[in-house]
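Below: one structure, written as C-alpha cells.
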Amino acid sequence: MHHHLLVSLLLAAMLASSTAQAELYRWLDEDGEVHYSDRLPPDRAPEERRIFSRGGDTLRDVERMPTAAELRELEAARQAAEEETRRSQEQRQLQAEYDRMLMLSYGSVDDLQRSRERRLQPLQIQLDNALRRQARLDARIEQLRTEAADAERRQADTGALERRLEQTRDLRQRETARIRQREQDIRTIKEEFDRHQERFAELVDNGE
C-alpha cells in the first residue's frame, strides 16, 4: 500500500513539473523588445504578461501588480467607500427614528399645527413684551438726551444725566439682543414644524 502511494505522489509531481515546463512567458524588456522564455525574470514579475503553451496557445493573462502608490490609492478609496456606507447607514437609521417619532407624536396635520402654536405662543408673547420695553427705552433715551442738552445749555452738571443715559442705552442693547434671540427662536420652530408637516404628509401618503 505504501508503495502504491509513493508511486502516485511521484506521478503527480512529474505531471506538475511537466505542466509548469509546458508554459512560456511573454514579456518586454526596457527597450520594449518582446521576449519568450520558460522562466520569467524576477524583475518582470510585477508587470503585465501573457502565458502561452509550448504549442503557442494562450493559457492566461496575468495583470500587472499595482505599485505602492496605487495600493495606497486603492486603500484610501476602500476606506472612503466604507465611511460613505457607514454614514449612509447612520442617515437611514436617523431617518427611521425621526419618522417613528412623527407618527407616534401626531395623529394628524391638525395635531402638528396645534403643537406648533403651543411652542410659538410663549415666544411670541416674550417678543412682544421685549418690543414694548425697547420702545419705552427709546423714549427714555430721547428724554434723557433732551434733559442733558438743556442742562448743558444752562451750564449745569450733566454727569448724573450722562450716567443714566449710558445705563439706559445698555438696557436697550440687552433688550435688542433678547429680541433678536426670540425672533431666531420663532424662525427655528417654524422651520422645524414645516419639515415635520412635509414629512408627516409623505408618510401618510405612503401609508406608513
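The values are calculated or read from the model by the stated rules, or taken from the named source; none is laboratory data. Remember, it's a predicted structure, so these values are computed and weren't measured experimentally. Note that we place each Cβ from the backbone using ideal geometry, even for glycine, and neighbour counts take in every protein chain shown.
Just one of 169, 180 is out of contact with any helix residue (DSSP H, G or I) (no Cβ under 8 Å at 6 or more places or on another chain), part of a helix (DSSP H, G or I) and under 30 Å from residue 124 (Cα atoms); which is it? The conditions single out 180. The C-beta contact set for the range 176-201 (first residue free of Cβ contacts under 8 Å to residues at least 24 places away in the same chain, second residue surrounded by 13 or more Cβ atoms within 10 Å (Cβ to Cβ) and among the charged types (D, E, K, R), distance under 8 angstrom, 6+ apart or interchain) is empty.
Counting only residues that are buried (at least 16 other Cβ atoms within 10 Å of the Cβ) and either among the hydroxyl-bearing types (Ser, Thr, Tyr) or under 11 Å from residue 183 (Cα atoms) (or both), how many does the range 113-125 have? Total meeting the criteria: 2. When the range 140-170 is filtered for residues that are of a type in the set (Val, Ile, Thr) and touching a residue at least 12 places away in the same chain (Cβ under 8 Å), the ones remaining, listed by number, are 141, 168. Taken over the range 60-110, residues that are in a helix (DSSP H, G or I) and under 30 Å from residue 192 (Cα atoms) amount to 25.
Listed by first and then second residue, the pairs linking a residue in the range 117-139 that is over 15 Å from residue 174 (Cβ atoms) and outside the structural domain of residue 182 (by TED's automatic domain parsing) to a residue that is among the hydrophobic types (A, V, I, L, M, F, W, C) and assigned to a helix (DSSP H, G or I), with Cβ atoms under 7 Å apart and 6 or more places separating them unless they lie on different chains, form an empty list.
For the range 167-208, give me each residue that is loosely packed, with under 12 Cβ neighbours inside 10 Å, of a type in the set (Asp, Glu) and within 19 Å of residue 134 (Cα to Cα). Correct list: 170 only.
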